[in-house]
Amino acid sequence: MSLHKVVANAEEAIKGIQSGQTLLLGGFGLCGIPENCITALVKKGVDQLTCISNNAGVDDFGIGLLLQTKQVKKMIASYVGENDEFERQLLSGELEVELIPQGTLATRCMAAGYGIPAIYTPAGVGTEVADGKEVRNFKGKDYLLEYAFDADYAIVKAWKGDTKGNLIFKDTARNFNPLMAMAGKITIAEVEHLVEAGSLDPNDIHTPGIYVNYIFQGEAYEKRIEKRTVRN
Amino acid sequence: MALTKEQIAKRIAQELQDGFYVNLGIGIPTLVANYIPEGIEVELQSENGLLGMGPFPITGEEDADLINAGKQTITTLAGSVFFDSAMSFGMIRAGKVDLTVLGAMEVADNGDIANWKVPGKMVKGMGGAMDLVASAKNIIVAMQHTDKAGNSKLLKSCSLPITGRACVKKIVSDLGVFDITENGFVCIEHAPGVSIEEIKAKTAGRLSIHASIKEMNV
């Protein structure tokens, strides 16, 4: 891996992504999503993508943008309830969808990043999620065998990053991002603030730069709020 | 009179114990946070990566980076902590969360729950519900007793694809409180003004009435 990780922008970062590849995309809802890279993927026009992400964005933001342009062949997610175009493509059969439990999604990323081929989890035992999967009993309880993800690219969003690719996430925008960062064969990180190596306290870093291949400072973050809720 | 959503939440809040770590699902369960009894301290876990969830923010202090599992803007409290999604479900699977409250479309009298899919109609996904029901020590379901057409949602067996098997311990519906035992649903409380006859008529699964049934205090 090259130690020269800093690239100018999203277009340069995603340059190597090809049609038909599998992408892990960080974020929960619209929180902590790689906005710049999604925009760049729409512009690049790669299609037949398999996207693995907790959600599928909303109609006009996040992964929803890639659905509108029909660049996604298959979506692997845990919850997709906020997107009409998604539902339309799913019910019409245009889009392949695999729904998996959220903890399973997270842990399959973690396993990939830890070099562990598979995990056993109780989530989904006795449900249609278990169809065709190996079940093993440990201490009287059944568990499903679930495999680590095997994805070509991971695209994540962090709050701060340095020129060595070390990442710090903010608040609940952390979610799947550090896990996916570990899980990609190639990992692209877009950050709100890119600083020189040495500027971040090593104690504060969530994702070590060894997991990150390309890093750039994103621009014009919209950071849209999906459900603005106040107490007044 | 059948209970309002707020009354269902208020009754569930009476199940909270001091020191509990609690995960509240989307919908009625979220309202439980508004009725935490005086003198009881619980810590709310939000499975998108927060322990110590605070109230909704005041206008102007919403932060796009700080949301709950229902994607609503929220706040932190003194002692709150953030973590990634694998650790979040790690603490759930490891049994560290004391109580899970979630909604349901159907519950069977053996504790099976269905709340993630209506084939051909609604395909939103299970989110974290399958992980939660597979591991939670104590699951309370908040639900309407019947659907809009008046059909019972407390059944002999679920007609919809299930989320988890034999996991629900207690139901608080708009008509009453039900323990789930080897003998099916056991009605331990009825809503004010709701008769045992009505509960019997609207429950399709095996039902018995506890000898010392009382009126819900809501």
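The values are calculated or read from the model by the stated rules, or taken from the named source; none is laboratory data. Please read all numbers here as calculations on a predicted model, not as lab measurements. No Cβ is skipped: glycine too gets one built from the backbone with ideal geometry, and neighbour counts run over all protein chains shown.
Worth a mention:
- Just one of the listed residues (B:Val218, B:Val186) is of a type outside the set (Asp, Glu) and over 23 Å from B:Thr4 (Cβ atoms), namely B:Val186.
- Residue list for region B:47-87, restricted to those being among the hydroxyl-bearing types (Ser, Thr, Tyr) and either surrounded by 20 or more Cβ atoms within 10 Å (Cβ to Cβ) or in contact with a helix residue (DSSP H, G or I) (Cβ under 6 Å, 6 or more places away or on another chain) (or both): B:Thr73, B:Ser85
- Hits in region A:173-204 - residues which are on the phi > 0 side of the Ramachandran plot and within 14 Å of another protein chain (Cβ to nearest Cβ): A:Asn175
- Some residue of region A:78-91 being within 16 Å of A:Met180 (Cβ to Cβ) and crowded, with 24+ Cβ neighbours inside 10 Å: yes
- Filtered residue count, region A:131-162, keeping only those that are surrounded by 17 or more Cβ atoms within 10 Å (Cβ to Cβ), within 13 Å of another protein chain (Cβ to nearest Cβ) and either β-branched (Val, Ile, Thr) or closer than 30 Å to A:Gly62 by Cα (or both): 8
- Residue within region B:89-109 that is among the hydroxyl-bearing types (Ser, Thr, Tyr) and surrounded by fewer than 20 Cβ atoms within 10 Å (Cβ to Cβ) present: no
- Applying the criterion of being touching a residue at least 60 places away in the same chain (Cβ under 8 Å) and of a type in the set (Ser, Thr, Tyr) to the residues of region A:183-220, the residue that is farthest from A:Ala112 (Cα to Cα) is A:Tyr214.
- Options B:Ala142, B:Ala149, B:Ala134; residue that is away from every other protein chain (no Cβ under 12 Å) and in contact with a Pro (Cβ under 6 Å, 6 or more places away or on another chain): B:Ala142
- Test for B:Ala136: is it of a type in the set (Gly, Ala, Ser) and in contact (Cβ under 8 Å) with a residue 24 or more places away in the chain: yes
- Here the condition is being among the hydrophobic types (A, V, I, L, M, F, W, C), within 14 Å of the chain's Cα centre (by Cα) and modelled with pLDDT under 95; of B:Ala136, B:Ala142, it holds for B:Ala136 alone.
- Among the residues making up region B:31-52, those that are hydrophobic (A, V, I, L, M, F, W, C) and over 14 Å from B:Leu16 (Cβ atoms) are B:Leu50, B:Leu51.
- Residue list for region B:25-47, filter: away from every other protein chain (no Cβ under 14 Å) and either in a strand (DSSP E or B) or closer than 24 Å to B:Gly127 by Cα (or both): B:Ile28, B:Pro29, B:Val32, B:Val42, B:Glu43
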